[in-house]
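In what follows, a structure is listed as structure tokens, so that the remarks can point back to it.
Derivation of every value follows stated rules applied to the coordinates shown; laboratory data play no part. The shown structure was predicted, so the numbers you read here are calculated from the model rather than taken from an experiment. Positions of Cβ are backbone-derived with ideal geometry, glycine not excepted, and every protein chain shown enters the neighbour counts.
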Amino acid sequence: MRPPGDCGVTVAGGDRSDKRAVAVRNYCYGRGVAVRDRSYSVRGVVLLEVVIAIGLLAVGLAVIGAQFQSSYLAAEQTDLTVRGMMLAESKLAELDTGLIIPEELIEQDFGALFPEFAWRMRIEPTQTFDLNSVSIQILYDPLRTHFEEDYDFARAKVVQSLYTFRATPASIDLQRDFGLTDDDAAKLNERLPGGLFDVNNINPRLFADLDLQELVQILPALLEVFGVSLDEVRSQIPPELLEAFEQLEAEAAEGEGDDEGAEGTSPDSGGSGRPSGSGSRTGGGR
């Protein structure tokens with residue numbers, strides 16, 4: 001007797017315990033006929049959905065990664081632009097104060113503080129007297145990490161460019177510019193060590209070339225003629241800087257004492273380097 005059902009029908013695979021379904025399946029398998037089971041179709045659809053979902057997730061992650069990279073590059077470029085603007089303004093300020101000697105072309109790096117950066121300045125005179133056309137470029141080389149290396153200006157890229165007009169820096173006249181009297185000017189010239197500069201013609205570059213000991217010697221004289229006490233200046237200095245300043249003062253005082261001792265050394269002391277004593281200077285006995 002033929003089992004119920006027909007081999008052309010689709011047997012639902014959800015209920016495997018159904019006797020009629022089991023009988024039809026066994027009969028059809030015995031005749032070599034494949035039975036279409038819905039469970040296989042459902043599994044194929046689920047697999048296709050998973051593949052599509054993974055593909056969409058990969059595309060979404062790629063888009064998000066590209067956005068992150070674009071945001072990072074934009075932030076880095078903004079940082080370079082802002083830092084380049086600040087460095088350019090600092091060099092223009094040095095030019096205004098006379099710390100940079102005007103030349104046709106100047107190329108230098110920023111030293112150990114910013115080893116990746118350098119600056120290029122072009123100064124050209126204009127038809128107006130003492131007015132110059134100035135162009136400055138800030139260069140960036142990420143491959144240079146140590147300032148001891150020679151800066152490769154050809155390899156570096158320009159991150160900031162400024163064009164402006166600047167007057168030729170004039171010398172400083174303490175009487176003309178700060179109202180110093182003739183007596184104070186003469187007193188200051190006498191107190192300056194070794195005629196260091198003329199109060200009526202001071203090159204601003206001079207203060208940048210002085211060492212700390214010379215600055216320590218000049219500062220008290222400048223404060224005195226302008227009516228400012230050293231204690232008032234000390235009160236405005238942070239403690240750690242004040243300690244370093246006092247140490248420099250002590251070293252400068254020791255240097256002056258050594259120079260006076262060398263001048264007062266007796267020539268007949270046999271090269272011992274011992275001073276002849278205060279009595280020898282005043283003409284008294286030893």
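Got a sec? How would Val233, Val51 order by Cβ neighbour count within 10 Å, fewest to most? Don't skip to the end; give the middle numbers.
Numbers: Val233 14, Val51 10.
Listed from fewest to most nearby Cβ atoms, that is Val51, Val233.
Please list, short to long, the whole-number percent of alpha-carbon pairs of region 40-170 in consecutive 5 angstrom bins beginning at zero.
The calculated distribution, bin by bin, is 2, 9, 14, 14, 12, 9, 7, 5, 4, 4, 4, 4, 3, 3, 2, 1, 1, 0, 0.
Among residues other than Ala156 whose Cβ falls under 13 Å from its Cβ, what is the net charge (Lys/Arg +1, Asp/Glu -1)? Before the final figure, lay out each step's value.
Values: positive: Arg120, Arg144, Arg155, Lys157; negative: Glu107, Asp109, Glu116, Asp141, Glu149, Asp150, Asp152.
Around Ala156, the surrounding residues sum to -3.
Which ordering of Lys91, Lys157 is given by a fewest-first count of other beta-carbon atoms within 10 Å? Mind dumping the intermediate values first?
On the way: Lys91 21, Lys157 9.
The fewest-first ordering by Cβ neighbours comes to Lys157, Lys91.
Among Arg234, Arg122, what is the fewest-to-most ranking by other Cβ atoms within 10 Å?
Working: Arg234 12, Arg122 16.
The fewest-first ordering by Cβ neighbours comes to Arg234, Arg122.
Taking a ≥ b ≥ c as the square roots of the eigenvalues of the Cα gyration tensor of region 131-221, is the shape rounded (a/c under 1.5), prolate (a/b larger than b/c) or oblate? Display every interim value, and only then the final one.
Numbers: a/c = 4.78, a/b = 1.95, b/c = 2.45.
Taking the square roots of the gyration eigenvalues as a ≥ b ≥ c, region 131-221 is oblate.
Can you pull the Rg over Rh of region 105-146, Cα-only, Kirkwood? Each step should come with its number before you reach the end.
Values: Rg = 13.7 Å, Rh = 11.7 Å.
The Rg/Rh ratio comes out at 1.18.
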